[in-house]
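> Dumping the structure here so I can ask a few things about it.
The values are calculated or read from the model by the stated rules, or taken from the named source; none is laboratory data. Just so we're clear, the structure is a prediction, and the values are computed from it rather than from any experiment. We place every Cβ from the backbone using ideal geometry, glycine too, and count neighbours over all the protein chains shown. To get the accessible areas, we keep the full protein, side chains included, count just its heavy atoms, and leave off ligands, DNA and RNA. Shrake-Rupley method; radii C 1.70, N 1.55, O 1.52, S 1.80 Å.
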Amino acid sequence: MPSGWKKTLTAGTLLASAALGLPGVATAATGGPVDLGTLPGDEYSFVAAINAGGTMVGDSYPRDVRLRYHAAKWDAQGRISALPTLGGELGDAIAVNDAGVAAGWAEDATGDRHAVRWAPDGSVTALQWAGPSDAVAISGTGVVAGGALGPQGTRVAVRWAPDGTVTELASLPGGGQVTVTGITADGTLVSGTAEDSAGTRHAVRWNGATGVVTDLSPGNAGASAVAINDFGVIAGTITEAGQEVPVAWQRDGRLVRLGWAAPPASARPRAINRAGVVVGSGYVEFAQDRAVRWTARGATVLEDARRSEAVALNAAGTAVGTVDSVAARWAPDGTLTDLGTLPDGYYSQATGIAPGGTIIGQATTSGGAGRHAVYWPAS
């Protein structure tokens, strides 16, 4: 097969073709990842998000039986700095928008966890809620969404406006735990999952301003909303015959099947871009997933013969993930690039990509002593 070869398959042919193990040809990155290091005294780090300007956020933590996260920020040149807490030891930065405003959580002096917003200069602001809370997403307009412990002891979804005004996002009638998975660029819509009164998981969308919830999967047991794009299109799964079926919900709530092999094969989206292109992975055989891209033309298997997963993509359609435990990049035409590992390392993963092509991830250090946040500059 020629270099960069890929195939587009209909739902009826995906499993049969994948089983043939047709080969693909990959290129190697010209340089491996750049080690982003850790905060002083720590041995591990993880970069969770990157914005269009190259600012990255995540955490740094020591070798310890406890997960003692310290919120961290890296500038576009890869220089690390600590993000302050609310007087406690621990914190974690989860998301950052293009204005450089980051969101996550931090402990106060009593050890309680609170959702916070960090300004571009690093100053921290607690986002108000009566109990423990954390932030998981931030819009381009500075709207923050996350979760909090509700009065009944269940997890509820919460939205904080740029001025700090808080709105509790409604749960399903009689329902239990909810989870936020994403927010639109303008902050008007939030995606997530919510339990009904029977404890069954549903894909949901919230109107951010009013907190009103829409059940996207009524009558389907075990649906999930995984990611939302800037136009309110949500990628996720429904459950049929005990398997995850990849779908997308349009802004008007209409469900569209993304296509994959017939049951018993499962597939799961991980990310969706502004054009509605979705990436993720599909199950082929025991412990063997394959990276997949979905477009209006159907599903494309990005890697035929090796265990792989695509987890993120940018507006240009470049996707990133892993192939056989090494970070990988797929160009819009499907060409695969092996992104390599740190010197003497054995593992790397790509977890995000900026609009300009800079990739973030994690990799083992020499001898596998630890894992550090890394990035691959745009080429």
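> Give the separation of the Cα centroids, region 74-103 to region 266-290, in Å.
Answer, in whole Å: 30.
> Over the chain, what per residue volume does the convex hull of the Cα atoms give, in whole Å³?
140 Å³
> Next up: Mind checking the per residue accessible area of the chain for me, 1.4 Å probe, whole number of Å²?
41 Å²
> Can you tell me, using C-alpha contacts under 8 Å and at least 6 residues apart, the relative contact order of region 33-172 as a whole percent?
Taking the mean separation of contacting Cα pairs over the length of region 33-172, I get 14 percent.
> All other residues with a Cβ under 12 Å from the Cβ of GLN177 taken together, and with Lys, Arg as +1 and Asp, Glu as -1, what is their net charge?
Charge balance near GLN177 sits at 0.
> Calculate one ³J(HN,Hα) per residue across region 145-156 by plugging θ = phi - 60° into the Karplus curve 6.51 cos²θ - 1.76 cosθ + 1.60, and present them in order as whole Hz with x for glycine and proline.
Calculated HN-Hα couplings, in order: 10, x, x, 7, 7, x, x, 8, x, 9, 7, 10 Hz.
> State the percentage of accessible surface on the chain attributable to carbon and sulfur atoms; use a 1.4 Å probe and exclude ligands, DNA and RNA.
Carbon-and-sulfur percentage of accessible area, whole number: 53.
> I've got another one for you. Please arrange ASP42, ASP121, ASP333 by accessible surface area, largest first, computed with a 1.4 Å probe and ligands excluded.
So, going from the largest accessible area down, we get ASP121, ASP333, ASP42.
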